[in-house]
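Asker: Below is a structure I'd like to ask you about.
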Amino acid sequence: MEEIELFRQFRETGDLALRNEIVEKYLFIASVLAKKFVGRGVEYDDLYQVAVLALMKGIDRFDERKGVKFSTFITPTITGEIKNYFRDRSRLVHLPRKVAELRGRVKRESDRIAAETGKAPTPRELSALLGVTEEEIVRCMEAGRVVSLDRPVDGEDGATFYDLIAAEGDPFESFETRDAVKTALSGLSARERELIRYRYGEQLSQTETAKRMNVSQMFVSRLERKVLARLKEELKGGMA
């Protein structure tokens, strides 16, 4: 079955058998990209696991109607996830032991659930599984973390920031798309633009952003969700 038809059927049906077929078809990309990062203090098997999880998330997000080959779309996605993994790992050694241990448990459960269901668990689900508060889950996830472009805008199953602003060099990022993004961002307040600059320009964690803005981490979390949801709606209208 041709690539376009395979993704079209999966997008329309959500058939897990088709999803598994696509995963098998493109596992070689995950393997190749994982091997590129070997020799930096992390075993190949760990890198491969990160790459495969990124591949699975990318398959769920890919839209064949945009006219881009999946290999072109997924390569920067997997590479970005591997780089985020290295950043997270390097910063983890500086975290308090209790936070580091909880963060390790959160990651293991998140990876397990993502592998089984194809979706990342919410803080509420992790809270119930691990027997800690949602606030503790959010804090440990944000501790020492750079923002991931794959994180949902609404914190659940919505579009990601990656979906809203195309990656550099993306062949379907037209002038109209860039103009729509620029217009949407110009409609934000100075404080909202400041948040976007810290989180997605400088790639600071919510905790680091809160310190820069002299507000609480929870305030940053709520404001970010509100801003990204608004950008999502405005970009939908601007690119319709």
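Asker: Using the number of other C-beta atoms within 10 angstrom as an exposure proxy, rank 233, 2, 192 with the fewest first. Mind showing how you got there, number by number?
Answerer: Working: 233 11, 2 8, 192 17.
By the 10 Å Cβ count, ascending: 2, 233, 192.
Asker: Using a ≥ b ≥ c from the Cα gyration tensor of segment 96-145 (square roots of the eigenvalues), is it rounded, prolate or oblate, where a/c under 1.5 gives rounded and otherwise the larger of a/b and b/c decides, a/b for prolate?
Answerer: Working: a/c = 1.94, a/b = 1.54, b/c = 1.26.
Note, shape of segment 96-145 comes out prolate.
Asker: Find the Cα radius of gyration of segment 1-93, compare it with 2.2 N^0.38 Å by division, and give the number to two decimals.
Answerer: Working: Rg = 14.2 Å, N = 93, 2.2 N^0.38 = 12.3 Å.
Rounded to two decimals, the normalised Rg is 1.15.
Asker: Please go through the residue pairs 66/107; 57/83; 36/83 and name each one whose alpha carbons sit more than 21 Å apart in this structure. Show your work: numbers first, answer last.
Answerer: Working: 66/107 32 Å; 57/83 16 Å; 36/83 11 Å.
Among 66/107; 57/83; 36/83, the Cα-Cα distance tops 21 Å for 66/107.
Asker: Right, something else. Mind giving me the FRET efficiency for residue 25 and residue 107? R0 is 25 Å, r the Cβ-Cβ distance, nearest 0.05 is fine.
Answerer: Efficiency computed from Cβ-Cβ geometry: 0.40.
Asker: Between residue 8 and residue 186, what length in nm is gained on full extension when 0.36 nm per residue of separation is reduced by their alpha carbon distance?
Answerer: Extra length from residue 8 to residue 186 when fully extended: 60.6 nm.
Asker: Modelling each spin label as a point 7 Å along the Cα-to-Cβ direction, I'd like the residue 65/residue 35 distance in nm, to one decimal.
Answerer: The modelled label-to-label distance comes out at 3.7 nm.
Asker: Please compute the contact order of segment 96-145 in relative form: average sequence separation of alpha-carbon pairs under 8 Å and at least six residues apart, divided by the residue count, as a percent. Each step should come with its number before you reach the end.
Answerer: On the way: 30 pairs, mean separation 18.4, N = 50.
That works out to 37 percent.
Asker: Got a sec? How would 219, 28, 10 order by Cβ neighbour count within 10 Å, fewest to most?
Answerer: Details: 219 15, 28 10, 10 20.
Starting with the residue having the fewest Cβ neighbours, the order is 28, 219, 10.
Asker: Something else: How large is ³J(HN,Hα), in whole Hz, for each residue of segment 47-56 in order, when computed from phi with the Karplus curve 6.51 cos²θ - 1.76 cosθ + 1.60 and θ = phi - 60°, using x for Gly and Pro?
Answerer: 5, 5, 4, 4, 5, 5, 4, 5, 4, 5
Asker: On to the next question. Work out the FRET efficiency for residue 135 and residue 79 from their Cβ-Cβ distance, taking R0 = 41 Å, and round it to the nearest 0.05.
Answerer: With R0 = 41 Å, the Cβ-Cβ based efficiency is 0.80.
All of the numbers you see were taken from the coordinates with simple rules; none came from a lab. Only a predicted model underlies this, so the values are computations on that prediction, with no experimental measurement involved. Cβ atoms come from the backbone with ideal geometry, glycine included; neighbour counts cover every protein chain shown.
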